[in-house]
Amino acid sequence: MSKLKLMYDVISIMKEKEVICGTFQAEAKKDQQKILGFTNEFEKNLSNGETKVKINTEIDCNGKKVKHESQTQFGMQGCGRHLHHGFMKHIHHHNHYNNGQNHEDIHCGGVKGKLTKLAYILDIFNRIKVDEKEDNSVVLSLKLENMPDEVKRAFHEELNQRKMFEHHHHHSSMKDCCALKDPKIGINVWINNNKEVEKIVLTADGKQLDQNESHDMNLWAELRLA
């Protein structure tokens, strides 16, 4: 099966959807002790931006357990483009794809930098494994540890520099989940025979150094679309 044709079909079908709904779940463990549990049930109308979310969070912060539940409904028409540009600006600023090349050349649109990024994207795409099932569904899999060192370094730096949790009052627990040393990261995507994404699962296992102590960290996240 052609990976390029598969991706094209999946994107074409997904962009035609009027409503996307599903559940996002995440769990983090430190030395086999659960420190974070997160569930987000969501529904978003892609035409008018109306979004409904129901969030449940459980956090163990240094022995202090906190639970939080909330339901929200809001409209975000026109915000998708703004969020996209903001996200891309953040990535553009923080990613450090530096392989002996001029930093500004890579980040500021130089031909050499753009070709380097394109080469990394194509390398990642080439490393995706495709497992076609008897019912014509497909499972895509990718392991970060099999990637070039330049890509792994860029991913790890971005992971450790994320600022999205800085103003969260449980920031320390979130930081524990991201500050991993040499993590083994895997991504699996389930696509049904109608070329629709059904489920995406991300796993990350690694070591966390905390005041000269080493802890085992495990992160699991799943996005399931209805």
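Return the residues of region 56-69 that are open to solvent by less than 70 Å² (accessible area, probe 1.4 Å) and within 24 Å of residue 200 (Cβ to Cβ); say none if nothing qualifies. Spell out the reasoning first.
Filtering region 56-69 for residues open to solvent by less than 70 Å² (accessible area, probe 1.4 Å) gives 56-57, 59-61, 63, 66.
Once the filter is applied, which keeps residues that are open to solvent by less than 70 Å² (accessible area, probe 1.4 Å) and within 24 Å of residue 200 (Cβ to Cβ), region 56-69 yields 56, 57, 59.
Do you know which of the residues in region 40-55 that are at pLDDT 90 or above, among the polar types (S, T, N, Q) and farther than 20 Å from residue 218 by Cα is least open to solvent (accessible area, probe 1.4 Å)? Step through it out loud before you land on a result.
In the first step, residues of region 40-55 are kept if they are at pLDDT 90 or above; the result is 40-45, 50-55.
Narrowing the set further to residues that are among the polar types (S, T, N, Q) leaves 40, 45, 51.
Now restrict to residues that are farther than 20 Å from residue 218 by Cα: 45, 51.
Working: 45: 42, 51: 12 Å².
Per the stated criteria, the residue is 51.
Table: residues versus (1) in contact with a helix residue (DSSP H, G or I) (Cβ under 9 Å, 6 or more places away or on another chain); (2) among the hydroxyl-bearing types (Ser, Thr, Tyr).
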site: 6; (1), (2): no, no
site: 10; (1), (2): no, no
site: 30; (1), (2): yes, no
site: 41; (1), (2): no, no
site: 47; (1), (2): no, yes
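Hydrophobic (A, V, I, L, M, F, W, C), more than 20 Å from residue 67 (Cα to Cα) and not in a helix (DSSP H, G or I): does that describe residue 11? Break it down into steps so the answer makes sense when it comes.
On the way: hydrophobic (A, V, I, L, M, F, W, C): yes; more than 20 Å from residue 67 (Cα to Cα): yes; not in a helix (DSSP H, G or I): no.
So residue 11 fails the test.
If a residue has to be free of Cβ contacts under 8 Å to residues at least 60 places away in the same chain and part of a strand (DSSP E or B) to count, how many in region 17-48 make the cut? Break it down into steps so the answer makes sense when it comes.
Keep residues of region 17-48 that are free of Cβ contacts under 8 Å to residues at least 60 places away in the same chain, which gives 17-19, 33-34, 37-48.
Remaining after also requiring part of a strand (DSSP E or B): 19, 33-34, 37-45.
Qualifying residue count, region 17-48: 12.
Tally time: how many residues in region 206-223 are closer than 21 Å to residue 129 by Cβ and in contact with a Gly (Cβ under 9 Å, 6 or more places away or on another chain)?
1
Restricting to region 1-38, name every residue that is over 19 Å from residue 202 (Cβ atoms) and among the aliphatic types (A, V, I, L, M).
Within region 1-38, 1, 4, 6, 11, 13, 19 qualify.
Restricting to region 20-39, name every residue that is among the β-branched types (Val, Ile, Thr) and farther than 12 Å from residue 218 by Cα.
Once the filter is applied, which keeps residues that are among the β-branched types (Val, Ile, Thr) and farther than 12 Å from residue 218 by Cα, region 20-39 yields 20, 23, 39.
How about region 17-39: which of its residues are under 27 Å from residue 194 (Cβ atoms), surrounded by fewer than 16 Cβ atoms within 10 Å (Cβ to Cβ) and not hydroxyl-bearing (Ser, Thr, Tyr)?
Result: 17, 18, 19, 20, 21.
Within region 7-28, is there a residue that is within 18 Å of residue 125 (Cβ to Cβ), of a type in the set (S, T, N, Q) and modelled with pLDDT of 90 or more?
Yes, region 7-28 contains a residue that is within 18 Å of residue 125 (Cβ to Cβ), of a type in the set (S, T, N, Q) and modelled with pLDDT of 90 or more.
The values are calculated or read from the model by the stated rules, or taken from the named source; none is laboratory data. Quantities reported herein were computed from a predicted structural model and do not represent experimental measurements. Glycine also receives a Cβ, built like all others from the backbone with ideal geometry; neighbour counts cover every protein chain displayed. Side chains are part of the model used for accessible areas, which takes the heavy atoms of the whole protein and leaves out ligands, DNA and RNA. Shrake-Rupley method; radii C 1.70, N 1.55, O 1.52, S 1.80 Å.
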